[in-house]
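Below you'll find the structure I mean.
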Amino acid sequence: MPAPLPLPLPKSRAEIAAIQSERKRVAFARARTLPWYHGKLDHIDPNRLDDPAVWQTIPILDKDILRSFDHESFMAQFCAVPHTEIAEFWRSGGSTGKPVFYPRTADDVTYGLLTWGRSFPCIGIGKGDLVHMSFPIGIHPAGQVWARAAHWFDVGMNWVGAGNAVPSEAQLGLIESLKPTVFIGMSSFALHLANLAEAKGIDLAGSTVKKVVCSAETLSQAKREKIARMWGAKVYDVFGMSEAGLMGAENDVHDGIHIWTDMFFIEVVDAETGIPVPEGEVGTLCVTPLWTNHATPFLRWNSGDVVRAIDRSEGTGPWAELFPMIRHANRTTGFFKLRGVNMNHADFEDTMFSEPQVNDFQAVLVTEEATGRESMRLLIEVKRGSDSAAVRDLVGALIKRTFEVTPDVEVLPLGTLAAEFERSIKAPRFVDKRV
């Protein structure tokens, strides 16, 4: 380990509560210096922040507010340090909307490294492991900060990058030749590589990779099981955001994502009122960073994630005992309507990935030229050795039974979709070409 960790693991939940109490005051004091918060916090007694009724009067901040500013205005409103103290910028995540670039001081980066680094021991990755890092290596922090953090935790790291930087076939070659034990990347890219391996006759399930770690996308149970089956590996989910850091990870029990609550104060709130909902009920996640807040001290940041808070894991060990969990409610704004039927993207993915003979798919919505009627072309690739005609009929019946829509199912040669998805970090499985 090259240097002492900046924040030791707390010994108890009581110690975490004490840290939260102290660091909320620091976060509040820093936020009061920002122009955007002027006049919005004057009614709050900083000595009463542990009183939920007082804390909940702090206005909730969300990305729509930030996106209303250009970069110069955002810096003027939300940056608490002079330009000379900025060590780097982190780009906001997501694939929609205008990105926001967050300034980070050297202290922010140090604590950010710790937030990503904690995922290694929580998941059980340590000395002797070699990671194949397939997140983008660039201004978005996930890939490069995660890779840098590995040195603190004595973990080997291959800085590979995403498929649009290092072609997928080359990535499979690196896995075969360098023999990593862990793959870290988006779940869609993990599936993409598995499908490409299938098309090329590569036994990915027989590789040295024994753990797959995913982030940045919803990891449904069906998608998790498909990745595990195709990679022959255990699959772990983690959770983070550019506004804060990597906030938590699963352990071997996989019953939720443990949140580093000594580093992040979280609330699961009613989206309309901003009032916390009871444990186990669905709400919107709000986050107050307690240490990665030197440059942008956000209070009650609405991440947009719909989650449940769970106080205790069924697991054992310090990570399970110290840190409560969140579970995503697997809701998504992604859906399409076809002839009056609403189909949620996540539900459609789960249905397709639950069929083990289907390697991958793309749903294309089209308008039939002759009739003007809307229809769905469902392009699929089937597992090597399967009866293509039988799988085509099975999938057509499955979609009809589940969504009351009859698709035009077409079986593609193995590798066709992989070649199309190669150009995108997130595979475009839903395409609307209707006119």
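Distance from the Cα centre of region 355-411 to that of region 51-128, in angstrom?
One Cα centre to the other: 41 Å.
Now, a different point. Quick one: pull the percent of accessible area on the chain belonging to carbon and sulfur, 1.4 Å probe, ligands and nucleic acids left out. Display every interim value, and only then the final one.
Numbers: 9500 of 18300 Å².
Using a 1.4 Å probe with all protein chains present, the chain comes out at 52 percent carbon and sulfur.
When the dipole is taken about the Cα centre of the chain, and only Lys, Arg (+1) and Asp, Glu (-1) are charged at their Cβ, what size is it in debye, to the nearest 20?
Using Cβ point charges on Lys, Arg, Asp and Glu, the chain gives about 340 debye.
On to the next question. Can you give me the angle between helix 187-199 and the longest principal axis of the chain, using Cα atoms only, in degrees from 0 to 90, rounded to the nearest 10?
The answer is roughly 30 degrees.
Take every DSSP beta bridge whose two residues both sit in the chain, then give the antiparallel share in percent to the nearest 5.
Counting DSSP beta bridges with both partners in the chain, the antiparallel share is about 65 percent.
Please calculate how many Å² of accessible area the chain carries per residue, with a 1.4 Å probe and no DNA, RNA or ligand atoms counted.
I get 42 Å² per residue for the chain.
Where does helix 106-117 land angle-wise versus the long Cα axis of the chain, in degrees 0 to 90, nearest 10?
Helix 106-117 sits roughly 50 degrees off the main axis of the chain.
If the cut-off is a Cα-Cα distance under 12 Å, which aspartates and glutamates reach residue 200, setting aside same-chain residues fewer than 8 apart in sequence?
Partners within reach: 169.
Then there's this: Would you mind working out the magnitude of the charge dipole of region 4-124 relative to its Cα centre, with +1 at each Lys and Arg C-beta and -1 at each Asp and Glu C-beta, to the nearest 20 Debye?
Magnitude of the dipole: close to 280 debye.
What Kirkwood hydrodynamic radius, in Å, does region 341-435 give when the mean of 1/r is taken over all pairs of distinct Cα atoms and then inverted?
13.8
Quick one: Karplus J couplings for region 389-404, per residue in order, coefficients 6.51, -1.76, 1.60, θ = phi - 60°, nearest Hz, x for Gly and Pro?
5, 5, 5, 4, 5, 4, 5, x, 5, 5, 5, 4, 5, 7, 10, 6
Pick the calculated Rg and Dmax of the Cα atoms in Å for this structure from (1) 21.5, 66; (2) 22.8, 71; (3) 26.0, 99?
Here Rg and Dmax of the Cα atoms in Å agrees with entry (2).
Size of region 1-150 along its principal axes in angstrom, Cα-based, largest extent first?
Taking the Cα atoms of region 1-150, the three principal extents are 54, 41, 30 Å.
Using θ = phi - 60° and the Karplus curve 6.51 cos²θ - 1.76 cosθ + 1.60, what whole-Hz ³J(HN,Hα) does each residue of region 305-320 get, with Gly and Pro shown as x?
7, 9, 9, 10, 9, 10, 6, 10, 8, 7, x, 10, x, x, 5, 5
Also, quick follow-up: Pull up all non-local amide H partners of residue 247: gap of 5 or more, or a different chain, and H-to-H distance under 5 Å with H placed in the peptide plane.
For residue 247, the qualifying residues are 239, 240, 241.
Something else: In whole Hz and in residue order, list the ³J(HN,Hα) couplings for region 220-235 that follow from phi through the Karplus curve 6.51 cos²θ - 1.76 cosθ + 1.60, θ = phi - 60°; x for Gly and Pro.
6, 5, 5, 5, 4, 5, 5, 4, 4, 5, 6, 9, x, 9, 7, 10
The values are calculated or read from the model by the stated rules, or taken from the named source; none is laboratory data. Being a predicted model, the structure only gives us computed values, none of them experimental. Every residue, glycine as well, gets a Cβ built from its backbone with ideal geometry; the counts of neighbours run over all protein chains shown. The protein model used for the area step is the full one, side chains on, heavy atoms only, and it has no ligands, DNA or RNA in it. Shrake-Rupley method; radii C 1.70, N 1.55, O 1.52, S 1.80 Å.
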